[in-house]
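These notes are about the structure you will find just below.
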């Protein structure tokens with residue numbers, strides 16, 4: 001599997017594939033305390049090691065474990081790699097339409113209503129998941145197989161993750177029911193509107209909660225407050241825009257919802273531990289092509 005992945009990821013940073021929801025990462029860099037914000041989906045490390053920390057909990061994703069993300073949550077990450085043994089990883093983003101179809105088919109099978117929804121889950125790589133992943137990589141090596149088989153393999157990968165050993169805590173966050181479901185819906189709206197002015201009172205009202213209750217449930221699922229979450233969304237979007245576009249820092253700061261470029265610069269350096277210009281140079285060197293959605 002590593003040889004196939006290495007051939008599909010010949011360049012340092014993110015390598016696109018014939019499927020929009022799948023990218024491969026190759027990196028030789030050792031990373032420490034790096035802020036990340038993944039889309040809902042999964043990260044499979046085929047060679048090397050990553051470790052994330054969210055609200056004091058540690059999530060290992062390495063050659064024996066994968067990280068599944070039910071709800072995008074900002075956390076800090078470190079990774080191990082070297083020029084002799086670069087880190088190789090597959091980044092897979094959920095298609096939420098497919099997720100909804102699978103959850104509908106599974107409806108009623110999860111009977112434990114006390115299951116606590118979680119945004120991140122570290123799961124052991126089961127043979128069924130490993131098999132689907134290998135078939136996906138082989139299909140991606142052939143444009144015809146990608147076109148004919150790619151989406152069906154991705155559908156099966158969605159399913160294997162959602163019925164895996166810790167899939168129930170992801171389903172609890174994704175099925176849009178109960179308190180966790182209302183918070184998940186609120187986060188989905190935030191992901192579309194975070195560049196505009198945000199009213200926490202309005203978000204709490206839409207979720208049918210008081211402001212203190214909304215804060216408590218939001219932090220329980222994401223590990224952070226609504227305001228800090230919005231800030232992370234804005235800063236990660238800004239970083240991607242800075243790396244991809246020839247626009248000034250002030251223009252991008254305003255485009256992601258900041259009224260003050262000076263405040264943007266302060267928040268950016270506090271979050272990424274580098275100035276915007278320093279972070280862009282680092283990202284271009286280590287990450288290559290970056291998506292501009294977060």
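The values are calculated or read from the model by the stated rules, or taken from the named source; none is laboratory data. Please read all numbers here as calculations on a predicted model, not as lab measurements. Reconstructed Cβ throughout: ideal geometry from the backbone, glycine too, with neighbour counts over all protein chains shown.
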message: I'd like the full set of residues that are buried (at least 19 other Cβ atoms within 10 Å of the Cβ) and outside any loop (DSSP other than H, G, I, E, B), limited to region 16-27.
response: 22, 23, 24, 25, 26, 27
field: helices (runs of 4 or more DSSP H) enclosed by region 181-294 - at least 1 residues per element that are without any contact (Cβ under 8 Å) to a residue 24 or more places away in the chain and farther than 16 Å from residue 74 by Cβ
entry: 200-206, 211-222, 249-255, 261-272, 276-286
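Residue by residue, here is whether (1) surrounded by fewer than 19 Cβ atoms within 10 Å (Cβ to Cβ); (2) modelled with pLDDT of 95 or more; (3) touching a helix residue (DSSP H, G or I) at 6+ places or on another chain (Cβ under 7 Å) holds:
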position: 88; (1), (2), (3): no, yes, yes
position: 94; (1), (2), (3): no, yes, yes
position: 111; (1), (2), (3): yes, no, no
position: 116; (1), (2), (3): yes, no, yes
position: 140; (1), (2), (3): no, yes, yes
position: 166; (1), (2), (3): yes, no, no
- request: Kindly indicate whether any position in region 147-161 is surrounded by 19 or more Cβ atoms within 10 Å (Cβ to Cβ), assigned to a helix (DSSP H, G or I) and modelled with pLDDT under 90.
  value: no
- prompt: Is it the case that region 246-269 has a residue that's in contact with a strand residue (DSSP E or B) (Cβ under 9 Å, 6 or more places away or on another chain), crowded, with 17+ Cβ neighbours inside 10 Å, under 30 Å from residue 86 (Cβ atoms) and not assigned by TED's automatic domain parsing to the domain that holds residue 53?
  reply: no
task: Mind counting the residues in region 9-24 that are closer than 19 Å to residue 63 by Cα and modelled with pLDDT of 95 or more?
output: 3
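Okay, residues lined up against (1) modelled with pLDDT of 95 or more; (2) exposed (fewer than 14 other Cβ atoms within 10 Å of the Cβ); (3) in contact with a helix residue (DSSP H, G or I) (Cβ under 8 Å, 6 or more places away or on another chain):
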position: 3; (1), (2), (3): no, yes, no
position: 7; (1), (2), (3): no, yes, no
position: 39; (1), (2), (3): no, no, no
position: 50; (1), (2), (3): yes, no, no
position: 67; (1), (2), (3): yes, no, no
position: 107; (1), (2), (3): no, yes, no
query: Of these, 80, 173, which one is in contact (Cβ under 8 Å) with a residue 40 or more places away in the chain and touching a strand residue (DSSP E or B) at 6+ places or on another chain (Cβ under 6 Å)?
result: 80
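Each row is one residue, and each column tells you yes or no for (1) buried (at least 18 other Cβ atoms within 10 Å of the Cβ); (2) on the phi > 0 side of the Ramachandran plot; (3) out of contact with any strand residue (DSSP E or B) (no Cβ under 8 Å at 6 or more places or on another chain).
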site	(1), (2), (3)
126	no, no, yes
133	yes, no, no
180	yes, no, yes
183	yes, no, yes
187	yes, no, yes
208	no, yes, yes
211	no, no, yes
224	yes, no, yes
